[in-house]
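Just below is one structure, and these are the notes that go with it.
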Amino acid sequence: MKKYLIKANRLTGWLFLFVIPVLLFTGYGITGRYEFISRMATAEDYLFIHNLFIYVLIAVFPVHAAINIYFAIRRWGKR
C-alpha cells in the first residue's frame with residue numbers, strides 16, 4: 001500500500017506542477033493586466049480554461065495533502 005501512496009503522491013505533485021502555472025497564466029489573462037497575454041485569447045476563453053482547472057485543483061489538493069499528512073504522522077512514529 002505504501003508503494004501506491006508514494007506513486008499517488010508523486011502523480012498529484014506533478015499535476016500541481018502543471019495546474020498552478022496554468023491557473024496563474026489564465027488568471028492574468030482574465031484580468032487583462034499584461035498585454036501580451038491578453039493578445040493570445042479573450043478573457044472569456046481564459047475564464048473557461050481557468051474554471052476547468054479550478055476543479056482539477058480542488059480534486060487534487062485534498063488527495064495530495066492527505067497523503068503527505070499520513071506520511072508525516074508515520075515519520076513521527078504514530079499510527
Need pairs with beta-carbon distance below 6 Å; first residue within 25 Å of residue 41 (Cβ to Cβ) and within the range 1-22, second in a helix (DSSP H, G or I); sequence gap 6+ or separate chains.
15/60; 19/53; 19/56; 19/57; 22/53
Of everything in the range 2-46, what is among the aliphatic types (A, V, I, L, M), farther than 30 Å from residue 68 by Cβ and loosely packed, with under 15 Cβ neighbours inside 10 Å? Give them in sequence order.
40, 41, 43
Flagged in the range 21-48 as of a type outside the set (Val, Ile, Thr) and not in a helix (DSSP H, G or I), in numbering order, are 32, 33, 34, 39, 40, 41
I'm trying to understand the selection: among the residues of the range 1-20, which are farther than 15 Å from residue 60 by Cα and either assigned to a helix (DSSP H, G or I) or in contact with a strand residue (DSSP E or B) (Cβ under 9 Å, 6 or more places away or on another chain) (or both)?
2, 3, 4
I need the full set of residues from the range 36-60 which are among the hydrophobic types (A, V, I, L, M, F, W, C) and at pLDDT 90 or above, in order please.
47, 48, 49, 52, 53, 54, 56, 57, 58, 59, 60
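The values are calculated or read from the model by the stated rules, or taken from the named source; none is laboratory data. In this text the structure is predicted, and so the values were computed from the model without any measurement. A quick note on method: Cβ atoms are made from the backbone with ideal geometry, for glycine too, and the neighbour counts reach across all protein chains shown.
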